[in-house]
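Remarks on the structure that follows.
The values are calculated or read from the model by the stated rules, or taken from the named source; none is laboratory data. Predicted, not measured: the structure shown is a model, and the values here were computed from it. All Cβ positions, even for glycine, are placed from backbone atoms using ideal geometry, and neighbour counts span all protein chains on display. The area values use the complete protein model at the heavy-atom level, side chains included, leaving out ligands, DNA and RNA. Shrake-Rupley method; radii C 1.70, N 1.55, O 1.52, S 1.80 Å.
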Amino acid sequence: MSDYIHCPTWPKGKAYSFRKVNKAEEKYIESLRGKKEAPGYFRCEGGTAAGQCRWVQPRWNQSKGFSLPASFS
């Protein structure tokens, strides 16, 4: 399931597709935020020639979002 949400790393005014984080991403988020919170995160699916967006956030809660390390590009 994808949701279209504003991503703070991309130009304002356009919504981007977000998908549920995969297992590797979830494991990383779990190490930072805890096992209970990690499954509720979604990742921006935006991308350019420079690479895929690494922004993740809980569904509809941008204030708890952050960028994954470059190893998740």
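Of note:
- Accessible surface, per residue, of the chain when the full set of protein chains is kept, probe 1.4 Å, Å²: 62 Å²
- Simple Cβ-charge dipole of the chain, Lys/Arg +1 and Asp/Glu -1, about Cα centre, in debye nearest 20: 120 debye
- Listed pairs LYS12/LYS64; LYS20/LYS64; LYS14/LYS64; LYS12/LYS35 exceeding 27 Å between Cα atoms: LYS12/LYS35
- Modelled spin labels at SER67 and ARG33, positioned 7 Å past Cα toward Cβ, are 1.8 nm from each other.
- Share of carbon and sulfur in the accessible heavy-atom surface of the chain [1.4 Å probe, %]: 55 percent
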